[in-house]
Amino acid sequence: MQITAVRWPLHVVGPNNCHMQCGSLTLIALVIAARAAAAAPGEPAPPAAPVAAAADPGEAPAEGETVPRTPTTTLGRMFRGPFRSARLFAMPTADVIGAYVLTVSGEGSLLQQPGVLTSAGVLAVGFGDIAQLEYRHTEAIGITGLDAPVPAVGVQLKLPIPERSGIPAIGVAFRLGVPRGELLDGRNVDETVTDLYLVGRLRFTSLPWLTLHGGTRISFAKAAPAGADVVSRTLWLPTAGYELAMNPQASIIGELALAPQFQWMPAIQPAPAIGRGVLGRLGMKWRIVPSVILEGSLGYQVDDATPSEGFEAVVTWDIRLGAAVFVPWGALACRAVGVFCN
């Protein structure tokens, strides 16, 4: 089903117009209050169970364990994990997916232009516990005003910092942009975004159900319209997000980020302009089995985040549904032909 996106002007003049930002803050406050009330007086709130809990408690993966790669490992044990996601919705995290694991994930919008996949789909292969190679659809607002994917290939590294409460995990990623073509008033425009991403993840022992994410995206954006000058710009784009573990299988996730925005009106502009737009998402991830995660989220897009005259924005809302699938290819190869074993 495809439904045309709904767009309307938004004039931010006071606290009554906070919309999704206020909703996200209210949600966090309600969850914290509910967990505090559930704890008995003088007793701490119960810790959240591991996300990748096994069906058989006697064979549950231990903290820091990887998928075993031996010729006798059963398929059930292989797909029990543990598996780690390398993104919230669009925002990458400091984690990599793990050694000898492949993940395929993506989302489709129900309220954007028909025929356009408007999400940050990811195909990633893990090498060791500190690196992954990936093909990713990175977020950008195109000439036509849609939050449509800009393809990129790259590598992400996780710094080998010991996991301790209050000490952030740090990830560094480089993604080489691949041109994406858009058609505007009969003229083709190639858009390219190359990113250097620095991102951190922070957890606390006293709040095991809360994970905070934040970072900076340095984007080298370029627009190459047919018959006009090529325009390029370097942008510093902060991003932030959070995860609230509601139970071992489900989490509420929110993210807010600036993203490159391409703008062009050929009738009055000799060349495209590159600015910043605001993208936000709020939704849930549900791990139906350890190797499959279903996702659903409500998103909003604010065009022209820093205009020269006041904040006159246009907001686009959309709904996305998606999934992520993890495949322990190293363990499968070991069992099948005896390669990549521990």
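Identify, please: which residue in the range 245-273 is surrounded by fewer than 21 Cβ atoms within 10 Å (Cβ to Cβ) and in contact with a helix residue (DSSP H, G or I) (Cβ under 9 Å, 6 or more places away or on another chain) and is, among those, nearest to LEU198 (Cα to Cα)?
LEU256
If you scan the range 306-338, which residues turn out to be more than 23 Å from the chain's Cα centre (by Cα), part of a loop (DSSP other than H, G, I, E, B) and modelled with pLDDT of 90 or more?
Across the range 306-338, the qualifying residue is only GLY338.
Would you check if TRP286 is within 21 Å of the chain's Cα centre (by Cα), surrounded by fewer than 22 Cβ atoms within 10 Å (Cβ to Cβ), more than 29 Å from THR144 (Cβ to Cβ) and among the aromatic types (Phe, Trp, Tyr)?
Yes.
Looking only at residues that are under 17 Å from the mean Cα position of the chain (by Cα) and closer than 16 Å to SER219 by Cα in the range 128-146, which one is surrounded by the fewest Cβ atoms within 10 Å (Cβ to Cβ)?
Taking the candidates together, the pick is HIS137.
Might you check whether a residue that is among the aliphatic types (A, V, I, L, M), surrounded by 15 or more Cβ atoms within 10 Å (Cβ to Cβ) and either more than 23 Å from the chain's Cα centre (by Cα) or not in a strand (DSSP E or B) (or both) occurs anywhere in the range 183-196?
yes
Condition first: modelled with pLDDT under 95 and small (Gly, Ala, Ser). Now tell me which residues in the range 220-244 satisfy that.
ALA221, ALA223, ALA224, ALA226, GLY227, ALA228, SER232
Kindly indicate the residue of the range 147-161 that is aliphatic (A, V, I, L, M) and modelled with pLDDT of 90 or more and also surrounded by the fewest Cβ atoms within 10 Å (Cβ to Cβ) among those meeting that condition.
LEU159
Condition (residue is within 30 Å of GLN269 (Cβ to Cβ) and without any contact (Cβ under 8 Å) to a residue 40 or more places away in the chain) applied to the range 159-173: is it met by at least one residue?
No - not one qualifying residue is present in the range 159-173.
From (1) under 23 Å from the mean Cα position of the chain (by Cα); (2) over 25 Å from LEU210 (Cβ atoms); (3) modelled with pLDDT under 85; (4) in a loop (DSSP other than H, G, I, E, B), pick out the condition that doesn't hold for PRO50.
Against the list (1) under 23 Å from the mean Cα position of the chain (by Cα); (2) over 25 Å from LEU210 (Cβ atoms); (3) modelled with pLDDT under 85; (4) in a loop (DSSP other than H, G, I, E, B), PRO50 comes up short only on (2).
The values are calculated or read from the model by the stated rules, or taken from the named source; none is laboratory data. Since this is a predicted model, take the numbers as computed values, not measurements. Note that we place each Cβ from the backbone using ideal geometry, even for glycine, and neighbour counts take in every protein chain shown.
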